[in-house]
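So the structure is just underneath, and the comments pick up after that.
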Amino acid sequence: MKTMKFTPRGFGGDRRDADQVRRDGWREQGVLAVSADDERLSWPERELVRQLGERLYGKREQEARHG
């Protein structure tokens, strides 16, 4: 049986970790993906992220359920 001698795009090789994907998204496309719970941010920064998220996309499900 013959085996494939190449790897189709998107398969095999090294996978980027989530932080690398976010970093590349910011640097290449100006897209920022930030968790409102990211401990690297100060409380005011996390609050700003939460407010921006609510303004653009509405309340998170867990916040909507708890009022």
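Throughout, read-outs are computed from the coordinates displayed, never taken from laboratory work. On a predicted model such as this, the values are computed, not experimentally measured, just so you know. With ideal geometry, Cβ positions are generated from the backbone for all residues, glycine too; neighbour counts draw on all protein chains shown.
Annotations
- Label of the coordinate-derived value, P(r) over Cα pairs in 5 Å bins from 0, in percent, listed as [x] 3, 13, 14, 17, 17, 9, 8, 8, 4, 4, 3, 1, 0; [y] 3, 14, 19, 21, 20, 13, 6, 3, 1; [z] 3, 17, 25, 26, 21, 6, 1, 0: [x]
- Trp43, Trp26 arranged by Cβ crowding within 10 Å, fewest neighbours leading: Trp43, Trp26
- Degrees, to the nearest 10: 43-57 long Cα axis against longest axis of the chain: 80
- The length gained on full extension between Tyr57 and Trp43, counted as 0.36 nm times the residue separation minus their Cα-Cα distance, comes to 3.0 nm.
- Model label points for Arg22 and His66, set 7 angstrom from Cα along the Cα-to-Cβ axis, are 2.0 nm apart.
- Against the main long axis of the alpha-carbon atoms of the chain, helix 18-29 sits at an angle near 80°.
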